[in-house]
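Participant: I am attaching a structure below and will ask some questions about it afterwards.
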Amino acid sequence: MPAYRFFLDQHFVLHESYELPSQEAHHIFKVMRCQVGEILEFVNGQGQMACAQLIDAHTIQVNTLLQEPPPPELIVAQALIKPNRLDSILEKGTELGMTQLWLFEAEKSEKSGLSNQQAIRLNHLSIAALKQCGRLDLPKILIVPPLLKWTSLPCTSYYGSLNPQDPWLIDLIQPKQPSLFLVGPEAGLTQAEQSHLNQLGAQAAKLHRYTLRAETAPLVALSLLSQKY
């Protein structure tokens with residue numbers, strides 16, 4: 001990760017002071033061996049990066065502030081799959097510019113929701129990836145209704161297809177436009193779900209000549225979509 005970059009869940013204001021949470025304070029002073037008076041980088045996942053001075057073992061003061069505009073929406077709608085596979089999507093998706101991760105129950109999903117512990121773990125993984133990759137905004141993780149209950153789509157939307165007659169995603173992407181890519185569960189989307197997506201205006205699209213796993217497909221889609229931003 002970038003040297004001396006840490007996370008603080010606060011809206012930063014220039015020259016204001018903030019208290020460090022105990023976990024981050026421990027990492028700064030006990031693990032990284034930083035000293036009072038040093039200048040460190042802090043991100044908040046809200047598009048801000050602050051260069052702040054360590055005032056004491058619990059407090060920082062913001063010296064300079066960088067604010068980035070929100071990036072175009074790049075949404076992954078992922079049917080619920082095994083937790084360890086969600087970990088990979090969230091961690092790598094953060095690095096690839098995903099702005100939102102929608103989790104939903106599909107007809108063939110093996111899971112129907114997330115435990116509180118799983119939700120906390122996903123948030124921690126996203127924060128770690130945020131600090132490592134250099135981005136300033138933290139993806140939102142949302143639990144949305146089952147696919148067949150959706151009544152609209154928020155932006156240009158695609159879903160993965162194995163039909164050789166469908167176009168390639170790379171040929172459909174509209175530069176600098178908000179996009180959503182939907183991925184089914186391990187067993188795939190049902191015909192009813194695909195028909196429903198078609199009715200909502202989503203476009204079936206091929207990603208690769210081989211069949212991709214449920215946790216691989218969104219990362220390939222993100223890689224392609226993010227190149228157009």
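Laboratory data are not the source of any read-out in this text; all were calculated from the coordinates shown. These figures come from a predicted structure and were not determined experimentally. For neighbour counting, all protein chains shown are included, and Cβ atoms are generated from backbone atoms with ideal geometry for every residue, glycine included.
Participant: Can you spot the lysines whose alpha carbon is less than 20 Å from LYS111's alpha carbon? Ignore those fewer than 8 places along the same chain.
Facilitator: Filter leaves LYS82, LYS149.
Participant: Once the Cα gyration tensor of the stretch 150-229 is diagonalised, what are the square roots of 5 times its eigenvalues, in whole Å and ordered largest first, as equivalent ellipsoid semi-axes?
Facilitator: 18, 16, 11
Participant: Right, here's the next one. Can you tell me which of GLN194, GLN67, GLN100 moves the most in a GNM of the chain? Springs connect C-alpha atoms under 10 Å apart.
Facilitator: So, out of GLN194, GLN67, GLN100, the one fluctuating most is GLN67.
Participant: Apply the Karplus parameterisation 6.51 cos²θ - 1.76 cosθ + 1.60, with θ equal to phi minus 60°, to every residue of the stretch 47-60 and state each ³J(HN,Hα) to the nearest whole Hz, in sequence, with x for glycine and proline.
Facilitator: Using θ = phi - 60°, the values come out as x, 10, 10, 10, 8, 10, 9, 6, 7, 7, 6, 10, 9, 10 Hz.
Participant: While we're here: Just GLU19, GLU91, GLU186 to compare: in a GNM of the chain, with alpha carbon springs under 10 Å, which one fluctuates most?
Facilitator: For the chain, modelled as a Gaussian network with Cα springs under 10 Å, the answer is GLU19.
Participant: Further question: Quick check of the Kirkwood formula: for the chain, what is the inverse mean of 1/r over all pairs of different Cα atoms, in Å?
Facilitator: Over the chain, the inverse of the mean reciprocal pair distance is 19.0 Å.
Participant: Return the percentage of antiparallel bridges among DSSP beta bridges fully within the chain, rounded to the nearest 5 %.
Facilitator: Among the beta bridges of the chain, antiparallel pairing accounts for roughly 40 percent.
Participant: Averaging the inverse of every distinct alpha carbon separation and then flipping it gives the Kirkwood radius. What is it for the stretch 186-229, in angstrom units?
Facilitator: Computed over Cα pairs of the stretch 186-229, the Kirkwood hydrodynamic radius comes out at 11.9 Å.
Participant: Here's a follow-up. Taking every pair of Cα atoms in the stretch 110-155, average 1/r, invert it to obtain the Kirkwood radius, and report Rg/Rh to two decimals.
Facilitator: 1.07
Participant: Then there's this: Which of GLU24, GLU95, GLU193 ends up with the largest GNM mean-square fluctuation for the chain, with Cα atoms connected below 10 Å?
Facilitator: Per the Cα network of the chain with a 10 Å cutoff, GLU24 tops the list.
Participant: Please give every one of the lysines within straight-line cross-link reach of LYS131, meaning a C-alpha to C-alpha distance under 17 Å, and leave out same-chain neighbours fewer than 8 residues apart.
Facilitator: Partners within reach: LYS92, LYS140.
Participant: Between 0 and 90 degrees, rounded to the nearest ten: what's the tilt of helix 116-133 against the longest Cα principal axis of the chain?
Facilitator: For helix 116-133, the angle is close to 70 degrees.
Participant: Once the Cβ-Cβ distance between GLN61 and ASP87 is put in as r, and R0 is 35 Å, what FRET efficiency do you end up with, to the nearest 0.05?
Facilitator: 0.50
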